[in-house]
Amino acid sequence: MRVTFAGVGEAFDDKLPNTSLLVHAGSSTVLLDCGFTAACVFWGMAANPLALDAVYISHFHGDHYFGLPALLVRSIEEGRTKRLTILGPSGIESRVTRLMEMAYSNALARAKFSIFFIECDPGQDFKHAGFRFRFAMSDHAMPCQAIRLDTADKSLFYSGDGQPTDDTLELALGCDLVVHESYSLDQEKTGHGSVESSVDFARKASAKACALVHVKRTVRRERKNVILARANAISDMRVFLPEPGDVHIL
Ligand SMILES: [Zn+2]
Ligand SMILES: [Zn+2]
């Protein structure tokens with residue numbers, strides 16, 4: 001399994017695109033979240049953008065799904081013919097349909113590919129596009145589902161937004177890589193993860209490595225060394241702050 005960090009930023013970072021992960025295994029590719037500043041980055045990073053199998057939306061905040069119109073319309077322009085799956089919380093199809101109507105009305109009528117929607121719920125466990133999909137609710141300002149992707153021998157956990165919960169910890173157990181939203185350095189903001197809570201979470205899950213993403217822009221810029229020092233004080237697991245374009249092989 002290969003994870004490319006298309007974006008690693010929070011919602012309004014002027015330097016770092018919104019957190020978005022391109023996950024590749026075998027001949028399958030899934031994009032995890034597609035925020036307003038992440039969609040165009042995807043096109044520059046994917047080896048074969050038109051081969052993308054699926055997009056997973058963790059929750060309905062703009063920095064996680066408002067990039068879909070750009071992704072879809074560029075796919076139309078580039079002549080995509082392969083069916084695209086969009087997975088997300090309950091209401092994903094009506095949300096995306098309304099978003100497209102507002103952004104580029106009638107564009108979908110020109111599409112030479114179909115869109116297949118899958119509504120995801122905690123407790124679901126299914127295989128799609130070469131991956132096993134599972135979900136759990138995090139603690140965020142709106143319902144957000146963390147996701148676990150497994151291949152035959154590798155596993156990835158991505159938190160979406162929000163503080164860890166008992167359910168997300170159970171989901172992450174034994175993962176090769178935990179990618180966790182870590183908006184603050186300390187647990188100062190409700191509904192968001194922190195550096196400390198994310199590393200502690202990955203340690204409890206016995207993960208092999210932990211990537212901290214969605215860090216508040218000022219904290220990430222001014223306190224990068226403090227973040228890594230704090231993380232290393234909690235655990236001897238590999239903890240890192242990925243940059244856009246970084247690739248992690250599991
Ligand atoms: Zn966010
Ligand atoms: Zn959010």
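Observations on the model:
- Filter result (at pLDDT 95 or above, among the small types (Gly, Ala, Ser) and part of a helix (DSSP H, G or I)) within region 151-197: 172
- Residues in region 165-191 that are more than 15 Å from the chain's Cα centre (by Cα) and either crowded, with 24+ Cβ neighbours inside 10 Å or of a type in the set (A, V, I, L, M, F, W, C) (or both): 169, 171, 173, 175, 185.
- Total residues in region 10-20, condition near ligand 1 (Cβ under 9 Å from one of its atoms) and either out of contact with any Gly (no Cβ under 6 Å at 6 or more places or on another chain) or at pLDDT below 95 (or both): 2
- Matching entry among 157, 126, 135 (being surrounded by fewer than 19 Cβ atoms within 10 Å (Cβ to Cβ), closer than 17 Å to residue 32 by Cβ and in contact with a strand residue (DSSP E or B) (Cβ under 7 Å, 6 or more places away or on another chain)): 126
- The residue pairs whose first member lies in region 34-53 and is under 18 Å from residue 65 (Cα atoms) and touching a residue at least 12 places away in the same chain (Cβ under 8 Å), whose second member is open to solvent by less than 30 Å² (accessible area, probe 1.4 Å) and of a type in the set (D, E, K, R), and whose beta carbons are closer than 9 Å, counting only pairs six or more residues apart or on different chains, are 35/63; 36/63; 37/13; 37/63; 38/63; 49/80; 52/80.
- Highlighted here are the helices (runs of 4 or more DSSP H) found entirely within region 45-136 that include at least 3 residues which are more than 18 Å from residue 29 (Cα to Cα) and hydroxyl-bearing (Ser, Thr, Tyr): 92-104.
- Candidate set from region 24-64 (those that are open to solvent by 10 Å² or more (accessible area, probe 1.4 Å) and closer than 20 Å to residue 89 by Cβ); member that is farthest from the chain's Cα centre (by Cα): 53
- Condition broken by residue 218, with the remaining ones in (1) touching a strand residue (DSSP E or B) at 6+ places or on another chain (Cβ under 9 Å); (2) closer than 26 Å to residue 15 by Cβ satisfied: (1)
The values are calculated or read from the model by the stated rules, or taken from the named source; none is laboratory data. The structure presented is a predicted model; accordingly, all values stated were derived computationally and were not measured. Because the Cβ atoms are built from the backbone with ideal geometry, glycine has one as well, and the counts that use them run over all protein chains shown. What goes into the accessible areas is simple: the full protein's heavy atoms, side chains included, and nothing from ligands, DNA or RNA. Shrake-Rupley method; radii C 1.70, N 1.55, O 1.52, S 1.80 Å.
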